[in-house]
1. Looking only at strands (runs of 3 or more DSSP E) that lie completely in region B:24-74, which have at least 3 residues being of a type outside the set (A, V, I, L, M) and free of Cβ contacts under 8 Å to residues at least 60 places away in the same chain?
2. Can you tell me which residues in region A:148-178 are open to solvent by less than 30 Å² (accessible area, probe 1.4 Å), at pLDDT below 65 and more than 14 Å from every other protein chain (Cβ to nearest Cβ)?
3. If you go through region B:76-94 one residue at a time, how many are outside any helix (DSSP H, G or I) and either touching a Cys at 6+ places or on another chain (Cβ under 8 Å) or facing chain A (nearest Cβ under 10 Å) (or both)?
4. In region A:46-61, how many are more than 22 Å from B:Tyr96 (Cβ to Cβ) and under 21 Å from the mean Cα position of the chain (by Cα)?
5. I'd like the full set of residues that are farther than 12 Å from B:Leu106 by Cα, within 14 Å of chain A (Cβ to nearest Cβ) and of a type outside the set (Phe, Trp, Tyr), limited to region B:179-194.
6. Taking the residues in region B:136-145 that are among the basic types (Lys, Arg) and either touching a strand residue (DSSP E or B) at 6+ places or on another chain (Cβ under 8 Å) or modelled with pLDDT of 85 or more (or both) as candidates, determine which candidate is surrounded by the fewest Cβ atoms within 10 Å (Cβ to Cβ).
7. Please count how many residues of region B:95-135 are aliphatic (A, V, I, L, M) and at pLDDT below 85.
8. Can B:Pro3 be described as outside any helix (DSSP H, G or I), modelled with pLDDT under 95 and at negative phi?
2 protein chains.
Amino acid sequence: MAPHGEGSEEAMVVQDENRKPISSILIVIAMQTEAMPVVNKFQLKEDLDPVFPKGVPWVRYHGIYKDLHINLVWPGKDLTLGVDSVGTISASLVTYAAIQALQPDLIINAGTAGGFKVFDLYGVGLRQCFSTPNLLKELNLKAGKLSTGDSLDMSPQDEASIVANDATVKDMEGAAVAYVADLLKVPAIFIKAVTDIVDGDKPTAEEFLQNLAAVTAALDQAVAQVVDFISGKCLSEL
Amino acid sequence: MAPHGEGSEEAMVVQDENRKPISSILIVIAMQTEAMPVVNKFQLKEDLDPVFPKGVPWVRYHGIYKDLHINLVWPGKDLTLGVDSVGTISASLVTYAAIQALQPDLIINAGTAGGFKVFDLYGVGLRQCFSTPNLLKELNLKAGKLSTGDSLDMSPQDEASIVANDATVKDMEGAAVAYVADLLKVPAIFIKAVTDIVDGDKPTAEEFLQNLAAVTAALDQAVAQVVDFISGKCLSEL
């Protein structure tokens, strides 16, 4: 009997959690260019008393918007190379450390990503993100399957894997954030603005840089709309 | 003047640290098959009061050998797939969490790896691990450049990168452990036993499985010798 009883109690706790208004969100963004418009939009302040270990380049901005505590983290500049610490390892570490320190109700991983010409909404993802049917409908956003890799360009082997799994968007952090969120049982959603068509004619790096400013503005707007939508709602209403 | 003064003090602290006998080592191993011989060899006990967050599959074994506190961590079985959590993300997370919780003096990442027929000891690595000239000489171990990737098989693009960087050994965790160790300023060394010749004639998976038992025994022996060598020494004597 005991395991049954415990199981039911746990289910009730989860249900109650889903019905409590969301009070704290953690936004994970890999690039400074992508992060700053969101920081400015919500007038977030940089952390002066860091929650992260001494010496790491990770940066936290925080503030209150309506009834939401917003924490935004980006992995900062690589200490050796001086460039944004993009990729899965930095993303997984900063997400892990931020969940441990801040205990958010919901994670939003936002960023730019590459898109594929063939857009297929069907198929089963390897990892299901938190389902947000109302949010998608209200804000008129597209749902897609995300593939994550540590390379900006795509090798033929990567492409074959992505196509075989019906992914329509490719980024460099999403799966790492999803892995950590799943490990620590925090619901997570992913907002990706498409910078370039990976299987199109132009080289990825060129198209990426040409479109980055415009796409970052679109990303900024989408994140703002999502945060507005979340404010005052509980998880089960998303 | 102040920055100079601070710099000198810090240098002195680092030097003193290097002259203190090593008292605590953290061994990071990705696969259970690789970990258990080391656990048995040093009669390590599984942690009953976990230092890691609730729900994560990470496992810690610990014990005392001569004057060394030994902690051994492996990322455990994937909660969804039931297989060993190999790869860079698990390795970086468990290394990060273990450093935070256990504050080791030295990290040893041990494991099996693929090797390359062309063995070249020259060239400059992207990330320099902690230098151990005495240890290499005493134990008659070979030094090499390690390349890390999340795939057991090697795509032609990966091979080109590895060859261009003169790497002679390929694993799936080393660079992730090195990244975190560097971030948190803990010296790290890497012991890799070669399971298969990546650029040889046999398929990697087949050769890997055939050789795993023999290579794991060699790894076990090398780790035991290294731990014996470290015991009673300070970092600058390695």
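The values are calculated or read from the model by the stated rules, or taken from the named source; none is laboratory data. Because the structure is predicted, anything quoted here is derived from the model rather than measured. Cβ coordinates were reconstructed from backbone atoms using ideal geometry, including for glycine residues, and neighbour counts include every protein chain displayed. Side chains are part of the model used for accessible areas, which takes the heavy atoms of the whole protein and leaves out ligands, DNA and RNA. Shrake-Rupley method; radii C 1.70, N 1.55, O 1.52, S 1.80 Å.
1. B:59-65, B:68-74
2. A:Ala167
3. Selection size over region B:76-94: 6.
4. Qualifying residue count for the region: 1.
5. Correct list: B:Val180, B:Leu183.
6. Across region B:136-145, the extreme among qualifying residues is B:Lys137.
7. 5
8. no
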